[in-house]
1. Longer than 27 Å from Cα to Cα, which of 2/345; 265/474; 25/220; 429/474; 742/851 are they? Say none if no pair is.
2. So for the chain, averaging the separation of alpha carbon pairs under 8 Å that are six or more residues apart and normalising by length, what relative contact order in percent results?
3. Using the eigenvalues of the Cα gyration tensor, what equivalent ellipsoid semi-axes result for the range 582-677 when each is taken as the square root of five times the eigenvalue, whole Å, largest first?
4. Using a 1.4 angstrom probe with every protein chain in place, what is the largest-first accessible-area order of 163, 735?
5. Take the alpha-carbon positions of the range 350-396, form their convex hull, and give its projected area averaged over all directions (one quarter of the hull surface) in nm².
6. Using +1 at the Cβ of each Lys and Arg and -1 at the Cβ of each Asp and Glu in the range 406-494, identify which of 459, 486, 406 lies farthest towards the dipole's positive end.
7. How are the C-alpha pair distances of the range 702-807 spread across 5 Å bins, as whole percents from the shortest bin up?
8. Over the range 533-595, with every protein chain in place, what whole percent of the accessible area is carbon and sulfur at 1.4 Å, could you tell me?
Amino acid sequence: MKRVFYFGEGIAEGAGLGKEKLGGKGAGLADMTALGIPVPPGFTIETSVCLDYIRTGDLEGLKPEVEQALARLETATGRKFGGPKNALLVSVRSGARSSMPGMMDTILNLGLTAAAVPGLAAAAGERFALDCRRRFLQMYSDIVLDVPRSEFEELLTRRRVEKSAASDADLTAEDLRSVVGQYEELVRKKTGRPFPEDPREQLWGAVGAVFRSWDNERAKTYRRLHRIPEEWGTAVNVQAMVFGNRGESSATGVAFTRDPASGEKRFYGEFLPNAQGEDVVAGIRTPRPLASNGSGTSLEETMPEAYAGLLSVRDLVEKSFRDMQDLEFTIEERRLYVLQTRNGKRTGFAAVRIATEMVSEGLIGEDEAVGRVEPEQLVQLLAPVFPLREKEAAIKADRLLARGLPAGPGAACGRIAFTAKRAVEMAGKGDPVVLVRVETSPEDIAGMNAAAGILTTRGGATSHAAVVARGMGKTCVVGAGDITVSEERGELSARDLRAKEGDFLSLDGTTGEVILGELPTEPSEILRVLIDRSLAPEKSALFGAFTRLLGWADRLRRLGVRANADTPTDARVARLFGAEGIGLCRTEHMFFGENRIGAVRQMIVAESEKDRRVALAKLLPMQREDFVGIFREMGERPVTIRLLDPPLHEFLPHEDEAVEKTARDLGISAEKLRDRVRALSESNPMLGHRGCRLGITYPEIYETQVRAIFEAAVEARRQGLSPVPEVMIPLVGTKGEFDRLKVLVDETAKEVSRESGETFSYHVGTMIEIPRAALRAAEIAEHCDFFSFGTNDLTQMTYGYSRDDAASFLPEYIEAGILPDDPFSTIDQPGVGELVTIATKRGRDARKNLKVGVCGEHGGDPRSIRFFHDAGLDYVSCSPFRVAVARLAAAHAAMTGSSGVSSTA
Ligand code: PEP
Ligand code: MG
């Protein structure tokens, strides 16, 4: 079977085979070659070889195919691999299915043996040839021979100091010759043998190392964070070298076919003249813009032909790949080569804008646009920003430290950490953190993940920091070159301002401003249009795009989306975000209001039913009023109201002072109250006297709540509304519990109807949150109108992990791979999920029109939503601020085979 695919001179064996086989880079190279885009020739070794090799350590079988491709490459370039004169030099790069920027290894200038140096020197100059050799020795030895990069750096730095050279560029050919000699000596000393000068040995060493780099620690961390499966593996691309560092008519750069931060349709990118490969991405020098900005330094102004070539590539790739592309290019002596194209990483803002604009441009269809935005990315659009007035005041007060390039939008404010390690530690203590680095590298990934915002002082909008932050949806400012960072002193400074580790710093990732100290935040543009109405919808293009996209998503999805809302205000927000009903109203949340908790406590300490009823009578009108407010907000949409669930002692004070005050308020002695608190305390309250067990033992509590619901329904009907209350019984484990409480609800409904002379419709259902209830779903469903999975408790009780205490061990479980995810965030499909499937089937078999939903936290998690869709549930219910995410996730779930998520990853 063919595993090596050649590309070059308009011929691409792998064209159309896709990134599963060839990896993103390999597939892009093949497809670009087929489109006639100038790509240096080369070949791709497919991804399936990677894991085979990691397992067996054997690449022997691949050799004939690679030899064949190498021969073609020699013919195409007119050069000889290992030849002394006009040696063919290649790059060896990784390329996984989904891009993993900087996480795996790359080797450049391979084939540049000691014998080949004079030939290259004759063609391109001695200094250039020696510099290439030096870079090759360093990269190869670091990656393949395990000689640390830092030891090479040290030798180079020493030479620079000796020669008082400001940068590497000031070293002469003579200096570099001596450095190369020292490098070779270092390798001999460290490995016990000379640097391998057989180009084929070099090639196989490099191919093996790149395959192995799939398994290095930082790649593993990246995969875990981005949920990239271990078994994908990486491809290896071997490609003829082109040089962007062959003098001032050469350059290397990166371009985006649209702005990756805002999504605006403008050609966006940067380049560095006389630079090689990774220099731009590594963020070591701050690059120049592509398009003319009047400074005279842009590519458009300095190399107009190459710029024009790039513009036509931009058109070709957008039309062909029908998505925003991220291009890497090199200009060698004015000749343009494109080294890579891939779907560009983008912020949530850009994702929404690009998807909707591409529909308007006729490039993609509406369904495709829906698939192009990751549900989780919508969260960014709702994230807060700094209020303009506050920010201006801070700037006036001379707190503006610097301006950098806006690389990840949003507002972030946190304590400064100068290393990734400190960022993780400080964030672990619950502090928001801003990670400040000169530049980031793949080793910083955990710190970047822990930080609220990221600031670098070097590098451009395509530097490692920018690309990774964008992928994570983090606020990020890069290239704030006016700031000096001293990691050793734990200090940063700019102008005459200074800040130390732990001081507050505010980053505006939309404008690039870096401000000393704390700043408050305010709602995002979407919220200003939707919720506070401080912005007219027609004034916000972003809001327009957001609404269009969600409109298309609604057309596609089958799952209903409701919200968990406890108050009329929450209900309003939920409705404005498009919730089709309320899936969970936790009535106990209403109990904590200032004017209510007294009556609740009075009810709890009461010793007789009569006394309890006195207290409940005070609560009833307040609850009724809340429900009327919610019905008013929700109109005809269903509202599921859950009866009291938590253990009663949660409502009682525990501190001495509070106990005394409460006792005074209740008119009883502190001693008596203490006795009651003691009597109510349980060793295991989550498994104790809570949920429907309260309704069984104190029926008057549930009776009062149900009465408040139905009286509110009557009141709402009188106001011309048609509410549909759904009364939900929590924590049911047996049919007996449910049936008994169902009678109580029906009796109360009859009473309210009789008293008011009004009829109203309602439903009675149960939460399924105890494994026994899931298993006995058939009998429970008999008199039940709906099930709502309480997956928080169902997860707790299925695993036997306390939902309040699991944080002490879950991170270690996940780290060790014992669990793939936190089961309280993403549904455990094989275990808890099976209970959901069983209960749904048994419940529906017993009662055909049983409505089934979910109201645990998982109702707002995109991966869980996909599962609930597949399990045939009717709806999910989540927090109001996740309703948009759930609408989009439900659409993705309905689009079978949608690869929307990975296509933008
Ligand atoms: C649940 O258990 O999933 C649920 C929604 O109820 P609560 O979180 O209030 O226990
Ligand atoms: Mg629960």
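The values are calculated or read from the model by the stated rules, or taken from the named source; none is laboratory data. Just so we're clear, the structure is a prediction, and the values are computed from it rather than from any experiment. Here Cβ is always computed from backbone atoms with ideal geometry, including for glycine, and neighbour counts include all displayed protein chains. To get the accessible areas, we keep the full protein, side chains included, count just its heavy atoms, and leave off ligands, DNA and RNA. Shrake-Rupley method; radii C 1.70, N 1.55, O 1.52, S 1.80 Å.
1. Exceeds cut-off: 2/345.
2. Details: 1897 pairs, mean separation 82.9, N = 905.
For the chain, the relative contact order is 9 percent.
3. Working: eigenvalues 170, 34, 26 Å².
After scaling each eigenvalue by five and taking roots: 29, 13, 11 Å.
4. Descending order: 163, 735.
5. About 4.5 nm², averaged over all directions.
6. 406
7. With 5 Å bins starting at 0, P(r) equals 2, 12, 21, 18, 15, 13, 9, 6, 3, 1, 0.
8. Working: 1440 of 2670 Å².
After summing per-atom areas, the C and S share lands at 54 percent.
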